[in-house]
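Written below as structure tokens is the structure these notes are about.
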Amino acid sequence: MSASAMDHVYRVAILGCRGRGTAAARAYHQHPRCQVVGLCDLMPERLDQLGDELGVLARYADFDKMIEQERPDIVAIPTGTEFHYPLAMSVLEHAVHIDVEKPLCHGLEEADQVIDKASTKGVRIAVHHQGRTGGAMRAIKMAIDAGRIGEPRFLLGSGKGYYAGYGLMNIGTHMVNNMIGLVGHVRSVSATAFTDGRQVTPEDVIPAAGGMGWIAGEHITANLSFDNNVTGVLLQHRLPKVDSTAYCLQVYGTEGRLFWRSSGAWHLPVPHEVPADEEGVWQRLDDIIPEHYDHTGAATEPDYSFANEYVRALDEQDEHECSGREGRHVMEVLMAILEAGARRRQIDLPQVDRRHPLTLWREEAGLEEPAEMPRPYHEWLAAEDRRLGR
């Protein structure tokens, strides 16, 4: 790579200035090879708050106008899930790279179209799974690559205790992406899905909170078969209250174990059949972070590392580690889990039928679309409990 390429500063525009938009904007703003050149939001107070914080004067209510006037290299789309597809398709018309919040879309038909559009326009997609590029997950990956647990055999991932279908589309998308980043793609899925203590039925297919699409299942346990004979289990179980400490990933190898949560990574140098207090103790691993990351800055390390990975990818004309195709594979796994839980059968990947499996299941049962439900999670959860007669 030439010295001039290494000096290039990537122009970034932010489409949506709520929580995730603010996090992305801070990360790109703090990175020495990026410049936030424009902000777009329909709420003037959000524009002003973030614009004042970052010193960005170019503030818009029209993203087409922002892109035309500011000519960014990257447009971040950190909006609600229901807006990912239409906004991505519109932004890609401008032939700019995009950073779209997870999950990529509602389903596979939409994801296919977004990826095809990016290919046609000759640009790249990054799906904002910042956990995979964060320092703790990079430490786990380095430990595996260095053979510190021997050969990986089994993964166990857990959510935060949300209603399972919602948790799958929200936090589960991160966990699946972490898993495939460590051991490769998923080849088949089986699952059990329960609502109110019974197997889900087509009547349990409902719209998720937060605009995250169609879901079914209050408690989901998914069995995943990866490349290289590695297997795993993903737990998405509703708990009495959401608990971030429950969100973790364990990796079992022939010679040791690894443990990850967003706050760090640990290594236990004994196999699973040996109790930790008998032969060893968990050892904290050093996070692998960019040397130029400033801990005193406003950007979180995983978001900063995600931006840094995009800079590397564009410098090298390479795909982001969390590319559109990786994001689509995550969607394939999510759709397969929902279908396997509904149909009670193994689903092989990739799916031939790209239609949403739950809407198809409900249509086959002769059911109309269910009533609308509240968007905020706790209001949505109360409405679901009322539907279940609680």
Relative contact order for the chain: what is it in percent, counting Cα pairs under 8 Å that are at least 6 residues apart? 20
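Once fully extended, how much extra length lies between VAL281 and ALA246, figured as 0.36 nm per residue of separation less the alpha-carbon to alpha-carbon distance?
Values: separation 35, 0.36 × 35 = 12.60 nm, distance 2.06 nm.
Once the chain is fully extended between VAL281 and ALA246, it gains 10.5 nm.
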For a protection proxy built on the mean count of beta-carbon atoms within 10 angstrom, sort 86-97, 323-334, 62-73 highest first, please. 323-334, 86-97, 62-73
Report the gain in length on full extension from ARG198 to HIS272: 0.36 nm times residue separation, minus Cα-Cα distance, nm rounded to one decimal. 23.4 nm
How long is the range 116-207 along each principal axis, judged by its Cα atoms, biggest number first, in Å? 46, 42, 24
If each DSSP helix of 4+ residues adds -39,500 (n - 2.57) and the sum is divided by the residues in the chain, what number results at 222 nm, nearest 500 deg cm²/dmol? -11000 deg cm²/dmol
Axial C-alpha extent at least 18 Å, average Kyte-Doolittle at least 0.0 - helices from the chain (DSSP): 324-343
On full extension of the chain, what length is gained from SER225 through MET373, given 0.36 nm per residue of separation minus the C-alpha to C-alpha distance? 49.9 nm
Share of antiparallel DSSP beta bridges in the chain, in percent to the nearest 5? 60
Estimated inter-spin distance, ALA298 and GLU363, nm [label 7 Å along Cα→Cβ]: 4.6
Post the alpha-carbon centroid distance, the range 28-67 to the range 282-307, in whole angstrom. 24
Note to self: C-alpha centroids of the range 314-373 and the range 68-103 sit apart, in Å, by 21
Given H placed on each backbone N at 1.01 Å, which residues far from CYS248 in sequence or on other chains put an amide H within less than 5 Å of it? SER158
Can you list residues from other chains, or at least 5 along the same chain, whose modelled amide H is less than 5 Å from the amide H of HIS185? ASP227
Looking at the chain, how many pairs of lysines come closer than 20 Å at the Cα, when each pair is eight or more places apart or spans two chains? 4
Each residue of the range 227-237 in turn: what ³J(HN,Hα) in whole Hz from Karplus with 6.51, -1.76, 1.60 and θ = phi - 60°, glycine and Pro shown as x? 4, 6, 6, 8, 10, x, 10, 10, 9, 10, 10
Other residues with Cβ under 10 Å from the Cβ of THR254 give, with Lys and Arg +1 and Asp and Glu -1, a net charge of -1
If you place +1 on the Cβ of every Lys and Arg, -1 on the Cβ of every Asp and Glu, and leave all else neutral, what size is the dipole of the range 169-325 about its Cα centre, to the nearest 20 Debye? 640
Relative contact order of the range 193-301, please, whole-number percent, based on alpha carbon pairs below 8 angstrom and at least 6 residues apart. 12
Residues whose modelled amide H sits under 5 Å from the amide H of ASP73, counting only those 5 or more places away in sequence or on another chain, are ARG11, VAL12
Going by the alpha-carbon gyration tensor, a ≥ b ≥ c the square roots of its eigenvalues, is the chain rounded (a/c under 1.5) or, if a/c is not under 1.5, prolate (a/b greater than b/c) versus oblate? oblate
Have a look at ILE206, VAL242, PHE226 and report the one farthest towards the positive end of the charge dipole of the range 195-264, computed about the Cα centre with Cβ charges (Lys/Arg +1, Asp/Glu -1). VAL242
Rank by packing, highest mean first: peptides 348-354, 174-180, with packing defined as the count of other Cβ atoms within 10 Å averaged across residues. 174-180, 348-354
How large is ³J(HN,Hα) for each residue in the range 288-294, as worked out from phi by the Karplus curve 6.51 cos²θ - 1.76 cosθ + 1.60 (θ = phi - 60°), to whole Hz, x for Gly and Pro? 9, 10, x, 5, 8, 6, 9
Can you pull a Stokes-Einstein diffusion coefficient for the range 306-376 at 4 °C (1.567 mPa s), Rh from Kirkwood over Cα pairs, as a whole number of µm²/s? 86
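I need the calculated FRET efficiency for the pair ALA58 and VAL9, taking r as the beta carbon distance and R₀ as 25 Å, to the nearest 0.05.
Step by step, r from the Cβ atoms, then E = 0.95.
None of the figures in this text is laboratory data; all of them are computed from the coordinates on show. Computed from a predicted structure; not experimentally measured. Methodologically, a virtual Cβ is constructed for each residue, glycine included, from the backbone with ideal geometry; neighbour enumeration extends over all protein chains shown.
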